[in-house]
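Trainee: I'd like to ask some things about the structure below.
Bear in mind these aren't lab numbers, they're just calculated from the coordinates by the rules spelled out. Just so we're clear, the structure is a prediction, and the values are computed from it rather than from any experiment. Cβ coordinates were reconstructed from backbone atoms using ideal geometry, including for glycine residues, and neighbour counts include every protein chain displayed.
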Amino acid sequence: MQQNRNKLGGQPPKQTAPDNSRALIFIGVGLIVLALIVFGLLFLFSKHGDDSSREENDSGSLSSAGSSQDNSKAVHNGQSSSGSADSTDGSGSGAAQVKVHFIDVGQGDCTLVMSAGEAMLIDSGERDDSDRVIKYLKEQGVTKLSCIIVTHPHTDHMGEMPDILKAFKADRFIMPKVPDNMVPTIMRYEKMLKQVKNQGLEVTWSSNSEFRLGDAVINTYTPKGQFEELNDYSTVVKITCGSKKFLITGDTEKEEEADLLAQKLDFRADVLKVPHHGSYKGTTNELLKAVGAQYAVICCGKNNDYGHPHDSTLKRINKFISNVYITKDNGDIVFSTDGKELTVTKQRG
């Protein structure tokens, strides 16, 4: 019986509690490790997401900053394009600016052209004890003249020039070369040449040539023939900004007009400064047709001794041009253009 007991249950049964505890410990540790792994993965994914978001935000900020810089540059370029040569083609931003002032100097001619900080004076009118032209230039902010053009050496076109040359430094001085027998011997002419020399300049004899003035292209035209009148040696000046053009004609008369037209020069312009103060001796139908202007400006003084402008000239002009301004009636006349549009202001009338 003892044997059987030993056989059946002689060895006491093994204790399972420690094994279960150990298993539970392993399971617990495993769960903790798994939780740590999951937590770590979540942390890494979260950090990656934050970094990605930050990168996107940073990228967006950089993109915005770049956009601001580009916009800033575009604005700057838009503002500065008024000084660029490209803006004069009439197809740009419209920032090009040219102003042409027909200054009322009484019985005489005086035209101020301004563009992109540069100024050019064409003629000066008679000598004026009130320094009208000098004051006018200073009021417009002119401190120096890039170019001076005397269309021809009559005092109603160059009389004030010696004083102007004393008041303003000039970079270039242009006038026509005339036959020796027509060279003036008057004091004002001599004083003008003296002031040119005092500035260290040489006279540039006018020719068919082209140069720049800020946003404007300047063309000078001269006749090829020989004439009896000094007026017919006048230098003609064309000012172009984009599609807008001005033609300044000095005191050209019929003979010079025919000479210039025979050269097949491009005289098309929106604004015509009428030759010789509206004298019947100039402004032929042929010239008016070639120019095709919309505006005409006549420079002359009130109750002048010549009766300018002459009725016959006004009748011819009115056949071709509907907008006619006269300094004796309207005072200073100023045209402004951006190369596309043209505006005009007048002092009175």
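Trainee: Contour minus end-to-end for Arg268 and Lys224, with contour as 0.36 nm per residue of separation and end-to-end as the Cα-Cα distance?
Mentor: Separation in residues times 0.36 nm, less the Cα-Cα distance, equals 13.8 nm.
Trainee: Using the Karplus curve 6.51 cos²θ - 1.76 cosθ + 1.60 with θ = phi - 60°, what ³J(HN,Hα) values do you get for each residue of segment 146-154, in whole Hz, with x for Gly and Pro?
Mentor: Karplus-based 3J(HN,Hα) across segment 146-154 equals 5, 7, 10, 10, 9, 5, 6, x, 9 Hz.
Trainee: Based on the Kirkwood radius over alpha-carbon pairs, what value in µm²/s does the Stokes-Einstein equation return for the translational diffusion coefficient of segment 193-349 at 4 °C and 1.567 mPa s?
Mentor: 79 µm²/s
Trainee: Stokes-Einstein diffusion coefficient for segment 103-200 at 10 °C in a medium of 1.306 mPa s, Rh from the Kirkwood formula over Cα pairs: what value in µm²/s?
Mentor: On the way: Rh = 13.4 Å.
This corresponds to a translational diffusion coefficient of 119 µm²/s.
Trainee: Take the Cβ-Cβ distance between Asn323 and Asn181 as r, set R0 to 56 Å, and report the resulting FRET efficiency rounded to the nearest 0.05.
Mentor: Values: r = 40 Å, r/R0 = 0.72.
Working from the Cβ atoms, E equals 0.90.
Trainee: Please give me, ordered by residue number, the trypsin sites (Lys or Arg not before Pro) of segment 185-221 that lie in loop per DSSP and have at most 12 other Cβ atoms within 10 Å. Write down the numbers at each step before the final one.
Mentor: Working: sites: Arg188, Lys191, Lys194, Lys197, Arg212; in loops: none.
Answer in residue order: no site qualifies.
Trainee: Cα-Cα over 23 Å: which of Lys169/Lys191; Lys135/Lys254; Lys144/Lys238? Walk me through the numbers before you get to the answer.
Mentor: Details: Lys169/Lys191 16 Å; Lys135/Lys254 35 Å; Lys144/Lys238 21 Å.
Violating the 23 Å Cα-Cα cut-off are Lys135/Lys254.
Trainee: Length gain on complete extension for the stretch Thr143 to Ser312, per 0.36 nm per residue less the alpha carbon to alpha carbon distance?
Mentor: Values: separation 169, 0.36 × 169 = 60.84 nm, distance 4.10 nm.
Length gained between Thr143 and Ser312: 56.7 nm.
Trainee: Now for a separate question. To make sure I understand the rule: partners must be lysines, Cα under 23 Å from the Cα of Lys244, and not fewer than 8 residues away in the same chain. Which ones qualify?
Mentor: Here the lysines satisfying the reach criterion relative to Lys244 are Lys99, Lys264, Lys273, Lys289, Lys319, Lys340, Lys346.
Trainee: Something else: Relative to 2.2 N^0.38 Å, what does the C-alpha radius of gyration of segment 90-346 come to as a ratio? Two decimals please.
Mentor: Values: Rg = 16.8 Å, N = 257, 2.2 N^0.38 = 18.1 Å.
Here the Cα radius of gyration is 0.93 times the empirical estimate.
Trainee: Now a separate question. Whole angstrom only: what separates the Cα centroid of segment 264-340 from the Cα centroid of segment 170-194?
Mentor: Taking the Cα centre of segment 170-194 as reference, the centre of segment 264-340 is 26 Å away.
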